[in-house]
Amino acid sequence: MNANIIGQDDTGVGLVLSDNENREHELGIDGEGDIIHHQVDGIPNDPSTRTQTEKEQFSQARRYAKYYVAQETEYDTIPWNLNPKRFETVREALADLTVDELDDSFGDLFAQSLSHYADDPDVDTGGIERPYELPADKIGPEGAVLYEQELYLDDEGAIEGVSGVIVEYYVAKGERTTVRHDEAPVPDRDPDARVEISPAPFVDLKPFRDYLVYNLRCQIRDCYVGMGLEPPAEYKVLGPGQYRFTGKYQHFECYLAYFDVDADIPGYSHEFAPELPISDAELGGLVDPGSERSLYSQLKGALFSR
């Protein structure tokens, strides 16, 4: 992907963009980030006649155009949920939270996630109670649910506030819905990022924090991939990021399986390394370098027990 601005005035920006198939796109974007014109040879004008790959490549060009204009002009055209630079700022702020701050902001999300393992003999949940009952109209297994929480930064780049726990689930095949549990007001603006996680058996807040931080790292990867770009090296990681992109990776031929921690994609790796709630000395006693078991298998007892 590459682009050049060919015109700019008070109403917006015009640019020419060359996509990864060397097709030339002509786009107009207003100051709010809305596409007001998009013409390209090689992709049908009628969306109903486009292939799935053509539809996604058309969307990639629009995402990249908004990103490019935001980088090159004073216009704030990039959507909040596709802003890799902002996501990185949130990721750093989240990683710096103390245990008490984590508990204040993400304690309910932590408990909601861990509550799914109350009957698992290998996970010491400590009798934790589920803050919010699962919706009665949810279908599928108990763990087939996505938990989200929105984060807001202040002018100094610190976390100013968070939403309540957001529960996203299926009510029918192909039909999802969302329930919010906002118990306190949030800033009247778009969030700066939103963590999106499946239930995980972390029994300590520090590795749970690292789980959230890694999710944002994968989301940054998604931002770049969704614009038709190769991510910078530090974001060439494997694992679930944004749920909407996980679906694309699963079903669109133009994408690889970046969500899959075991995927064999050159240059990409699974790099989730949570902080363990034990000392270095204790850690040394748990790991046997000569063992045939994976490092995860040797350490999961420390992650999932108190």
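Every number in this text was worked out from the coordinates using simple rules, so none of it is lab data. This one's a predicted model, so the numbers in the text were calculated from it and none came from an experiment. Using ideal geometry, Cβ is built from the backbone for each residue, glycine included, and neighbour counts are taken over all protein chains shown.
Quick rundown of the values:
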quantity: With Cα atoms, 0 to 90° folded angle of helix 99-114 axis to the chain main axis; calculated: 90
quantity: Environment charge at residue 79 (Cβ cut-off 11 Å; Lys +1, Arg +1, Asp -1, Glu -1); calculated: 0
quantity: The chain - share of DSSP beta bridges that are antiparallel (%, nearest 5); calculated: 95
quantity: Normalised contact order of the chain, rounded percent, pairs of Cα under 8 Å and 6 or more residues apart; calculated: 15
quantity: Positive minus negative residues near residue 217 (Lys, Arg vs Asp, Glu; Cβ under 12 Å); calculated: -3
quantity: Interchain or long-range residues, amide H under 5 Å from residue 241's placed H; calculated: 246
quantity: Net charge, residue 43 excluded, C-beta distance under 14 Å - Lys, Arg +1, Asp, Glu -1; calculated: -4
quantity: Residue-averaged 222 nm ellipticity for the chain, from DSSP H runs of 4+ at -39500 (n - 2.57), nearest 500; calculated: -10000 deg cm²/dmol
quantity: Candidate lysines for bridging to residue 206, where Cα separation is under 23 Å - those fewer than 8 sequence places away on the same chain excluded; calculated: 300
quantity: Sorted by Cβ density within 10 Å, fewest first, the residues 227, 1; calculated: 1, 227
quantity: Burial order of peptide ranges 94-101, 241-248, 259-266 (average beta-carbon count within 10 Å, highest first); calculated: 241-248, 94-101, 259-266
quantity: Straight-distance crosslink candidates among lysines, where the alpha carbon sits under 21 Å from residue 55 and sequence neighbours closer than 8 are dropped; calculated: 66, 248
quantity: Enclosed volume per residue, in Å³, of the convex hull spanned by Cα atoms of region 84-251; calculated: 137
quantity: Top of 156, 183, 230 by mean-square fluctuation, Gaussian network on the chain, Cα under 10 Å; calculated: 156
quantity: Nearby aspartates and glutamates by direct alpha-carbon distance to residue 236 (threshold 15 angstrom, same-chain neighbours under 8 apart not counted); calculated: 88, 222, 260, 262, 264, 271
